[in-house]
Amino acid sequence: MAEKKEYFRWVESTYVNPEMDWRKADIISAGIDVGSVSSQMVVLCDGQIYAYSNTRSGSSSPKSAQNAMDLCLKEIPGLTYDNINYLIGTGYGRVNIPFAHKAITEISCHALGANYMYGPSVRTVLDMGGQDCKTIRIDEKGKCLTFLMNDKCAAGTGRGMEVFAEMLKVPVTEIGDMSLDIDEEPEAVSSTCVVFAKSEATGLLKSGWSKNMVLAAYCKAMATRILELLDRIEVEKDFAITGGIAKNKGIVKRIEKLIGVEALIPKYDTQIAGALGAAMFANAIYKKQNKNKSAA
Amino acid sequence: MKLRKIENIDTTMFEQGIPIMAQLRDHHSTTKAETMFYDLTIKLCNEVMSAVKGGRPFVTNVMSFPTEIYWAMDIAGIEYDFIAGMFSLYMGNKDEIFTAAKSIGIRPEICSAQRAPIGWFAKGWFPKPNAIVNTSLCQCDNCAQNANIMGALYDVPVFCITRPYLFWTQKGLDFMIEEMKAAIEFLEKTTGQKMDYDKLTEATRLTKKQMEISVEIHNLIKTARPNPVKSGTGFLIHFIRMMFAGRQEGVDYCQAFLDEMKERVASGKGYTPEEKYRLVSCYTFPPGMHGLLDWMETQGATLVAEPMYHYYNEAEVAKIDPLKPIEALARIFYTEPYHGFYGPYEVFSDMIINDSIQSGVDGAVNFFNTNCRMCGAVSRLIKDQLREKAGISTLTVDVDVMENSAAVEEELKKKLEQFFLVLDNAKNKRKVA
Amino acid sequence: MAEMLKTMEEIRKVNASFPLTEPARKWKEQGKKIVGWICINIPEEIIHAAGMMPFRLTGGDEEISLDLANEYLFGGGTCSFSRTILELQLRGDYGFLDCIAAATPCEGVIRLAEVGSHYHNIPTLPLLDTPRKFNDLAYDFYQGEIVEFKQNLENFFGITITDEAIADSIKLYNKTRRELKKLHDLMKSDTPPLTGTEMLEVLNAAVRMPREDFNILLEKLLKEIKSTGRALPAQPRIMISGALLNTPSFIKSVESLGVNVVVDDFCNGSRYWWEQVEEGDLWKALAKRYLLPKCSCPRINPPDNRTEWLSQIGKDFRLDGIIALTMRCCAPYILNLPMWKTRLEDEGVTVLDLDIEYGGGFSGQIRTRIEAFVEMLSLEVAI
Amino acid sequence: MITMGIDVGASSTKAVIMDGDKILAKYCHMVGNEEEQNEEQVITNALNGAIAKAGISRDAIGKIVATGGGGKKVGFADDVATEISSGARGAIFEVPASRTVVDMGAEKAAVAKCDTDGNVVDFATNERCAAGAGAFIESMARALQSDLETFIKLHFESDKNIPLNAQCAVFAESEVVSLINTEGVTTADISRAINKAVAERCSSMIRRVGIENTVTVIGGVSLNSGFIDGLEGFLKTKITVPQDPIFTNAVGAALIAQG
């Protein structure tokens, strides 16, 4: 695989807020989200986003977590793990992050993270992640009220999208735009199951469809599939999308069209929502503990 | 997410479904009986709509409710599972209603035929009835339960006729008689209509007549060569008998069905040109798969025996006494072969095996409905018994009755193609021997 | 974690060698008969009165391959419970049963009994025909079924079962029900004496050993709880609901997330012990008891009694949440759940609708969903 | 007579030329992902490849029978045989004792019970869920970040039995990922678990037509000896795999052309 071009690749990113100085902070909290496809770390200074990293997951969660942390910390002069007061792990690998103080599910974390990223008006969160897709109803504090997860199937998930990208030899980051660059919306492919979508796509291409049309048909199928989760939970405004697929305009636009509700525009990398929520929990829990200590 | 009373009920979707029946009639019916089937279905839907608009009591039921009662009480009525399924199948809104059902917790593994009406009610598409009546069929958990949810969605009263499993006993009959009385009492209370027992006597007499004709039909199927019946029409006559039980239209339909068969027999022709494979259909053939049935014709394959719809027990029919109308209703319920298929295994396996032997079939196709908890579970048992007792092989395929996509049809064709080769092989072996 | 209870050790020993438990093995060694039963509508008292040991057919504590069962029960609609039982029957694990008694509660059990009897070698008695409603008509009907069941048992083994013997058995079984009720009343405390895991181990043992011996264990357990004053830390209080569950390991995983499972809604749990057989005509009383009008099975019409019962449990046990295990294809449960879910949610109980297979493990998504549910109950967002 | 069998599959097209029951040439043309290449081209390439290999002329071929998913698309074929028929016929030719023939491809799984002449007397197929077939194993190997050879090698290094409860090929990755991080579970244990999971699904499909020895497995997946090992465990019987199991369907088709 090494020399071969990897179409599923997406850009790994880091961010540090130049206006802030971690040395001045009372509480430095962090969250690490080890997903099946990507891992992120978010560092908060007194509850404010200071820095984050976003990288690809390997098959070992501890390693993935370490990578995310190294990538993030190397951008921040002087900050080491020891300076972090409290760190919470989330995502699939949450229970396998040796240096985390606590683990919280990605569901609670995405709820809280979305609340920060998009503001307290958010009521419905759609997280389109690597391995699954969830809809979450939250209150103004970012507490999860109820949630739904897709059934035991990868259709309509980030991983599915990557496999499809590999199949069509289209960079995964371009699928969205390409799928919108068409004359008229085609019928959705009959199955989003990546295994069967493969033969179906190959068939369509043979019968003379353009790549864009096939991508459109696939994105549409994915959007329709995700729509079921939204219908079931009954979308209440404001509506926000987190996770990797939120970056795929081809799917976001189609979902918005289907439910007739526009999603809020993200201020940050949508993939960090989980880690962000975890870091906020870390901040809150650490504060609480110290309050108890000082009380005692 | 929550099961709440539906505030706005809008029957537009229901009314849009009615003309589709007409289109189906014009596209698919090649026999007089088929045309009548669609016309009668349309008539029924229109009766419902005018009742809803004109304030005449209207009750909806799951398959197998004794609809003689409607007629004798002057109530408009219709089967919710058949209508919801049929409409959605051809209106292409399956996903919508199934999502609606899923949003109140009804998962895809529930039989789609009994899930569809829940979707229709959850959407507020189904006309609001005065009451809903369902039956345990003969141990169909879905039929026995889904009405509760629909009742809650529309906030209308529900009554369930529980049918004993071992129904042929005196005990079973007595139980059923009491259930019929309770059902009538319930409907009198919820619709304000009174039961006219003379009308009920007349109704049960007409139903008995339908069954007597059906016995004739079955005897003709068994003896006539080539097969005078159009494949897959057993389901249609079944539905008419169910929805027009106790009505002259039902009798006329059965008569027309029989007469057409007789004509073909007289002219020495079968419905399928050059009959190559005479098949027994163990359960119900997916009603939406017109394309597949047409293709089977071109292959010379014909569904001779559909015991689920045709296998009447003459002796039992004779026992029906219209002068004791309530008891007659109970007996009618038990005599309907369809109900046997949801009962004890021995009862319907005998029907399938005997019908296969008497109708001289070459093989069996068991297109059982995906997620049917009764049929699916015994498909292997039926296959083994048919080989042992009737010496024929079976093609077992689970296919959703609410499925008619081209992809699935192709899949089924592939399987049937291979199965025909198996039958050829068996024929050659018999020749050699 | 609170200290271990000695009696629990004995109870674990009983379940250890499932399906052929130590007590069952000893029983057979004495040349005595064991009758396997499948559904809670089977009156155990009659089997017991025949001097035989009623043994409930269930799955064990770990996930198993259903390869053998899938050969015969592969229709989409057959639940994993039925297939698990058939699997064990085909493997010969239930070879120690002299015969099987089953009823007709739902399609799953009906077909399990019918198909199974063709392919495994354990004789199956005629099915008890259980009505789907409770009124005098149904009670009378079922009374007749129970009388026939007694006769079938007598004919099959060539014995006679006296009314006196049955009356005694009823006393014995009612005692169990009373003691189990006592035990559950203790669970209403903020700091319950038992984990839900232990409770299930107790309930599993109940149907896998001679009843006299079980009652002794049960009394011992109650005494030990009293003497040790065992009390678990106060945590969110949840009920696990479903068709049936026989895997303590699953409840253990749930409780490890920081909740107390204080009560259940399983046909091998509450529904098994909740209702007494009343005094008076024993046949009438049995018929009534075994249709379970108070804590009815999800298949029963109308569903109102069940909703009321669950709502009452919610109040009595001060539930914070309910995990509704919707075993795939269990139509009665899936179609009944919406009837009470909304009601309990309105009464302030959080309900998690979780689809899972019978005997299913605690991995991947299942774990994530349950964890998120627990967080909904316990996680304080103090931003 | 010289005949050709041509098997048009999802990922490759195979052509076999036979003279009587003597194989003159076997040629496999991979489609890969070059979707630009149209199907006719692929088929023609396979045809020409085989002819070249056999060193005969096109008109030397008396009869051509096509089979496989795209069999009907072979314009120049004299006849089309079903995958199951050609598989059975080919398996009987290569393993004469075969009575139960299992065809496990990338996206399909089929089993045929046949008589001594290779006529199919009963069969079962499973197209719907990819979890039954090779695509599953492929993506699992991907999740383990190991190639198929290592994946197979690993299988035999483990003796643990870990249940893998996932229906979907890609979704199962999460199960696998969580397994990878479970204490005391090695990649060897997981690859074994995966092979057994597929073998179990396949096993119940085979049981439905009934096991009659000899059981022969053909198609791409049969090259995965780990899967075969798992399947033998479930069926409790020895399994035979022909020399070139991916060509068996084409061979069968060529034989059917022989008549």
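The numbers here are math on the coordinates, done by the rules we state, and not lab data. This is a predicted model, so every value here is computed, not measured. As a convention, Cβ positions derive from the backbone with ideal geometry for all residues, glycine included, and neighbour counts pool all protein chains shown.
Per-structure values
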item: For the protein assembly as shown, with +1 on Lys and Arg beta carbons and -1 on Asp and Glu, the positive-most of B:Met402, C:Met8, D:Val221 along the dipole; result: C:Met8
item: Förster radius 60 Å - calculated FRET efficiency between A:Asp181 and D:Lys22 (Cβ-Cβ, nearest 0.05); result: 0.60
item: Coarse-grained scattering of segment C:1-50 at q = 0.13, 0.25, 0.26, 0.32 Å⁻¹, given as base-10 log I(q)/I(0) from a Debye sum over alpha-carbon atoms; result: -0.47, -1.03, -1.04, -1.12
item: Relative contact order [Cα under 8 Å, 6+ residues apart], segment B:128-189, whole percent; result: 32 percent
item: Cα Rg over Rh - segment C:282-383, Kirkwood; result: 1.05
item: Length-normalised contact order for chain B - Cα pairs under 8 Å, 6+ apart - percent; result: 16 percent
item: Kyte-Doolittle at least -0.5, axis length at least 20 Å by Cα - qualifying DSSP helices, chain A; result: A:211-233, A:273-295
item: Chain C: angle of helix C:196-206 to the longest principal axis, Cα-based, in degrees nearest 10; result: 10 degrees
item: GNM result for chain B, Cα springs below 10 Å: residue of B:Arg387, B:Arg205, B:Arg115 fluctuating most strongly; result: B:Arg387
item: Most fluctuating residue given options A:Asp269, A:Asp177, A:Asp21, as computed from a GNM of chain A linking Cα atoms under 10 Å; result: A:Asp21
item: Cross-link table C:Lys33/C:Lys150; C:Lys188/C:Lys223; B:Lys383/B:Lys415; C:Lys220/C:Lys284; A:Lys247/A:Lys267; C:Lys133/C:Lys315, entries beyond 23 Å C-alpha to C-alpha; result: C:Lys220/C:Lys284; C:Lys133/C:Lys315
item: Rounded FRET efficiency, nearest 0.05, which uses the C-beta distance separating C:Asp346 from A:Met20 and R0 of 45 Å; result: 0.45
item: Proxy reagent accessibility, fewest Cβ within 10 Å first, across B:Tyr80, B:Tyr197, D:Tyr27; result: B:Tyr197, D:Tyr27, B:Tyr80
item: P(r) weight above 34 Å for chain B, C-alpha pairs, percent; result: 28 percent
item: C-alpha long axis of helix D:134-143 to longest principal axis of chain D, angle in °; result: 40 degrees
item: Extension gain (nm, one decimal) between B:Thr30 and B:Asn219, 0.36 nm per residue minus Cα-Cα; result: 65.7 nm
item: Per-residue average of Cβ from other chains inside 10 Å of B:96-103; result: 3
item: q = 0.05, 0.06, 0.07 Å⁻¹, the protein assembly as shown: log10 I(q)/I(0) [Debye, one scatterer per Cα]; result: -0.40, -0.58, -0.80
item: Over segment C:17-163: Rg over Rh, Cα atoms, Kirkwood Rh; result: 0.97
item: Debye, to nearest 20: dipole size of segment C:17-163, +1 on Lys, Arg Cβ, -1 on Asp, Glu Cβ; result: 220 debye
item: Förster-model FRET efficiency, 41 Å R0, C:Glu29 and B:Lys2, C-beta, rounded to 0.05; result: 0.15
item: 18 Å reach of a label modelled at B:Arg387, 7 Å along Cα-to-Cβ, counting backbone N of segment C:55-79; result: C:68-75
item: Values of log10 I(q)/I(0), in the order q = 0.15, 0.24 Å⁻¹, for segment A:196-264 under a Debye, Cα-only, solvent-free model; result: -0.54, -1.03
item: Order of C:Thr228, B:Thr207, A:Thr270, A:Thr202 under a 10 Å beta carbon neighbour criterion, fewest first; result: C:Thr228, A:Thr202, A:Thr270, B:Thr207
item: Among B:Asn93, B:Gly55, B:Gly77 - extreme Cα towards positive end, dipole of segment B:48-119, charges at beta-carbon; result: B:Asn93
item: Protection proxy ranking, peptides C:243-254, C:273-284, average beta carbon neighbours within 10 Å, highest first; result: C:243-254, C:273-284
item: Furthest towards positive pole of dipole, C:Leu86, C:Ile38, C:Gly51, structure part segment C:17-163, Cβ charges; result: C:Gly51
item: Additional length obtainable on full extension of the chain from D:Lys72 to D:Lys53, 0.36 nm per residue less Cα span; result: 4.4 nm
item: Compactness of chain D - radius of gyration and Dmax, Cα, Å; result: 18.8, 64
item: Relative contact order of chain C, pairs being alpha-carbon contacts under 8 Å that are 6 or more residues apart, as %; result: 20 percent
item: Point-to-point label distance, C:Thr160-A:Ser121, nm (Cα→Cβ direction, 7 Å offset); result: 8.5 nm
item: Spin-label pair A:Gln289/C:Asn121, simplified geometry with 7 Å Cα→Cβ offset, distance in nm; result: 6.3 nm
item: Dipole magnitude of chain C, debye to nearest 20 (Cβ charges: Lys/Arg +1, Asp/Glu -1, about Cα centre); result: 420 debye
item: Candidates D:Ile61, D:Ile84, D:Ile246, ranked by Gaussian network fluctuation over chain D, Cα under 10 Å, top entry; result: D:Ile61
item: Gyration tensor verdict on chain A (Cα atoms; rounded if a/c is under 1.5, prolate if a/b is larger than b/c, oblate otherwise); result: prolate
item: Angle in degrees between helix C:163-186 and the longest Cα principal axis of chain C, rounded to the nearest 10; result: 10 degrees
item: Radius ratio Rg over Rh of segment B:102-261, counting only Cα atoms, Kirkwood formula for Rh; result: 1.01
item: Cα-based Rg / Dmax (Å) for chain C; result: 20.1, 74
item: Cα shape, segment C:215-368, gyration tensor, a/c 1.5 rule; result: oblate
item: Segment B:327-426 - Rg (one decimal) and Dmax (whole number), Cα, Å; result: 15.3, 50
item: DSSP-defined beta bridges in the protein assembly as shown - what % are antiparallel, rounded to 5; result: 45 percent
